[in-house]
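Note sheet for the following structure.
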């Protein structure tokens, strides 16, 4: 992910779990690879949920959650039991229940249909393709859905609530469309 963002010309990309570094950030990206419970536990164990709450909720710093990072924005996930998320976008993360012809996990390229073009999708075509890799999906109220895709059902592909953004797909693995999405996210710095 750092390479993708650096390729856009952003010279100060820092990977950190240091609260001071996070507190000084102009924007935050919350990546997520692995299981929801472990990611949520790691955030709380390191007290990163507290500093992220201060930075994102109180100061209004933009955040982009990616894959499990997006799912962590929900109230809770049912992956491996019931586990609390950050609760910043009301919703729940549930395992796919799909017709037999659809594989789980959902892995590969999928067309995404933006519901709103501002912010993340402002630089992209009408139905861009992105790379997905997930077995659980975010369910939330329509007012928070920024984009969806079809995979046996209408899957929430992106969410937004004020300065809080999330994408279920992996922009860092999505070639040009991913770079355009990152650029659009960083362009929101002035509007959030």
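Going through (1) under 16 Å from the mean Cα position of the chain (by Cα); (2) within 21 Å of residue 169 (Cβ to Cβ); (3) surrounded by fewer than 16 Cβ atoms within 10 Å (Cβ to Cβ) one by one, residue 95 falls short only on (1). The set of residues in the stretch 4-30 being over 15 Å from residue 51 (Cβ atoms), free of Cβ contacts under 8 Å to residues at least 40 places away in the same chain and touching a helix residue (DSSP H, G or I) at 6+ places or on another chain (Cβ under 8 Å) consists of 13, 15.
Would you point out which residue out of 80, 87 is surrounded by fewer than 20 Cβ atoms within 10 Å (Cβ to Cβ), within 14 Å of the chain's Cα centre (by Cα) and either modelled with pLDDT under 95 or part of a loop (DSSP other than H, G, I, E, B) (or both)? Give the steps one after another, and end with the answer.
Values: 80 fails: within 14 Å of the chain's Cα centre (by Cα).
Testing whether each residue is surrounded by fewer than 20 Cβ atoms within 10 Å (Cβ to Cβ), within 14 Å of the chain's Cα centre (by Cα) and either modelled with pLDDT under 95 or part of a loop (DSSP other than H, G, I, E, B) (or both) leaves just 87.
Residues of the stretch 32-59 that are crowded, with 18+ Cβ neighbours inside 10 Å and assigned to a loop (DSSP other than H, G, I, E, B): 32 alone. Considered as a group, the residues in the stretch 141-155 that are touching a residue at least 24 places away in the same chain (Cβ under 8 Å) and assigned to a strand (DSSP E or B) include one that is surrounded by the fewest Cβ atoms within 10 Å (Cβ to Cβ), and that residue is 150. What is the residue count in the stretch 156-173 for residues that are farther than 30 Å from residue 58 by Cβ and either modelled with pLDDT of 95 or more or buried (at least 24 other Cβ atoms within 10 Å of the Cβ) (or both)? Summing the residues that are farther than 30 Å from residue 58 by Cβ and either modelled with pLDDT of 95 or more or buried (at least 24 other Cβ atoms within 10 Å of the Cβ) (or both) in the stretch 156-173 gives 0. Among the residues making up the stretch 130-140, a single one is more than 14 Å from residue 102 (Cα to Cα) and surrounded by fewer than 17 Cβ atoms within 10 Å (Cβ to Cβ): 139.
The values are calculated or read from the model by the stated rules, or taken from the named source; none is laboratory data. Just so it is clear, the model here is predicted, and its values are computed rather than measured. Reconstructed Cβ throughout: ideal geometry from the backbone, glycine too, with neighbour counts over all protein chains shown.
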